[in-house]
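Colleague: I'd like to ask some things about the structure below.
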Amino acid sequence: MLTFVGLGLYDKRSITVEGREALRDADRVFAEFYTSRLVGTTIEELETHHGVAIDVRDRAGVEQEPAPVLDAAEAGSAVFLVAGDPMVSTTHTDLRLRAHERDIETRIIHGTTAQTAAGSLTGLQNYRFGKATTIPFAYRDRPIPESVVETIEANRERGLHTLCYLDIKAAEGRYMSADVAAARLAPEIDGLGVVVARAGSPDPLVVADRLSALAEGAFGDPLHLLVLPGELHHLERDALEALADAPPELL
C-alpha cells in the first residue's frame, strides 16, 4: 500500500487525524518538500511529533528514481508526505500511476490547500476562481512571462479571480515574497491585488491594495500568495474591505 498524505499548510499539527494515524501505522515514511514546504516546522520536529523516521526525497529521487518508494510500498505499508494536498502536483500523480503499474494499491488522505485557504481568508468565493498561475523569479531581468499576464486577463474577461502561486527555490532556501510578485506584475496590470501570507498559521495576514502599493509593502515570513480579483460580488467587496483593508475606491 502506498498512502499519499497531505500535511496541510503550516506546521506539524496541520495534518488531519486520519493522516496522523496513517503515519503511525506505516512501515516506511517518505516525503518531498521541493514543490512546497511547511514553514512552521522542520523535518526533525515532524519526526519527533509523529514518532517516525522520514526519508526526504529530492526531485530526482521522486521523478527519476522512484524505486525505493515503490519497493517499500510493495513490501508493506508506505506513506508519502507532501505539504498541502497530495495531488496538486503532477509529480505525485505520476508516482501514483507508477504504483498502479506495479499493482500497488494506493490511497489519498487529503490536506488543506493554498487555494481553499486563499478563498477562506480573503472572503472571495471559491467557485469564482479561474485558472491559477505561478509568478517566477526574474531571469536576467526579463519581464514577467506573457503566459502569466494572459492567464490573468483571460480570467478577468470571464469575471474570475486569479490565484498566483509564488516561485519557490527550495534547494536555495528562496521563497518569493508578495511585494516582489506585485512589483513584477504592476508594470503590466496595476489593479487590485490581495496578499495572503502564512495561510494556515496562527497569524495569517491578508492585505489588499493596488499592485504598485503592494510592491512597496513588507508582509513578513513566507509562504505568500497573491490573488488578483475579477468581478466582485457585493459580499466579496464587503469582505475585502473588512478583512483585507481594501481601499473602497478600488472595489
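Colleague: Among L97, A60, T48, which residue has its Cα furthest toward the positive end of the charge dipole of the range 37-97, with +1 on Lys/Arg Cβ and -1 on Asp/Glu Cβ?
Modeller: L97
Colleague: Then there's this: Keeping all protein chains in the complex and leaving out DNA, RNA and ligands, what accessible area do you get for K131 with a 1.4 Å probe, in Å² to the nearest 10?
Modeller: Counting only protein heavy atoms, K131 exposes about 140 Å² to solvent.
Colleague: Further question on the same structure: Could you pull out every residue, at least 5 positions away or on a different chain, whose amide H is within less than 5 Å of the one on L160? Hs are placed 1.01 Å off N in the peptide plane, and Pro or chain starts have none.
Modeller: E231
Colleague: On to the next question. Ignoring ligands, DNA and RNA, how do M1, M176 rank by accessible area with a 1.4 Å probe, largest first?
Modeller: M1, M176
Colleague: Right, here's the next one. Of the beta bridges DSSP finds with both residues in the range 107-219, what % are antiparallel, to the nearest 5?
Modeller: Expressed as a percentage, antiparallel bridges in the range 107-219 total about 65.
Colleague: Another question, then. Which percent, to the nearest 5, of DSSP beta bridges fully inside the range 1-84 are antiparallel?
Modeller: If we restrict to bridges inside the range 1-84, about 10 percent are antiparallel.
Colleague: If you don't mind, another one. Taking only Cα atoms, what is the 0 to 90° angle, nearest 10, from helix 90-101's long axis to the longest principal axis of the chain?
Modeller: Relative to the chain, helix 90-101 is tipped by roughly 30 degrees.
Colleague: Tally the DSSP beta bridges in the chain and give the antiparallel ones as a percent, rounded to 5.
Modeller: 45 percent
Colleague: Would you give the gap between the C-alpha center of the range 129-167 and the C-alpha center of the range 207-232, rounded to a whole Å?
Modeller: Taking the Cα centre of the range 207-232 as reference, the centre of the range 129-167 is 14 Å away.
Colleague: Hull surface divided by four, with the convex hull built on the Cα atoms of the chain: how many nm²?
Modeller: 14.0 nm²
Colleague: Given a 10 angstrom Cα cut-off, can you work out which residue in L226, L192, L46 is the most mobile in a GNM of the chain?
Modeller: With Cα springs under 10 Å in the chain, the top fluctuation among L226, L192, L46 is at L46.
Colleague: Using the heavy atoms of the protein chains and a 1.4 angstrom probe, tell me the accessible area per residue for the chain in square angstrom.
Modeller: Using a 1.4 Å probe on heavy atoms only, each residue of the chain averages 48 Å².
Colleague: Here is a further query. Give the angle, between 0 and 90 degrees and rounded to the nearest 10, that separates the Cα long axis of helix 146-157 from the longest principal axis of the Cα atoms of the chain.
Modeller: The answer is roughly 70 degrees.
Colleague: Per DSSP H run of at least 4 residues, take -39500 (n - 2.57); add these up for the chain, divide by its residues and hand me the 222 nm value, nearest 500 deg cm²/dmol.
Modeller: The helix contribution divided over the chain gives -9500 deg cm²/dmol.
Colleague: At a 1.4 Å probe, what is the % contribution of carbon and sulfur to the accessible area of the range 1-125?
Modeller: That share works out to 46 percent.
The values are calculated or read from the model by the stated rules, or taken from the named source; none is laboratory data. Here the structure is a predicted model, which is why all the values come from computation and not from measurement. Note: ideal-geometry Cβ built from the backbone for every residue, glycine included; neighbour counts use all protein chains shown. SASA here: full protein model, heavy atoms, side chains in, ligands and nucleic acids out. Shrake-Rupley method; radii C 1.70, N 1.55, O 1.52, S 1.80 Å.
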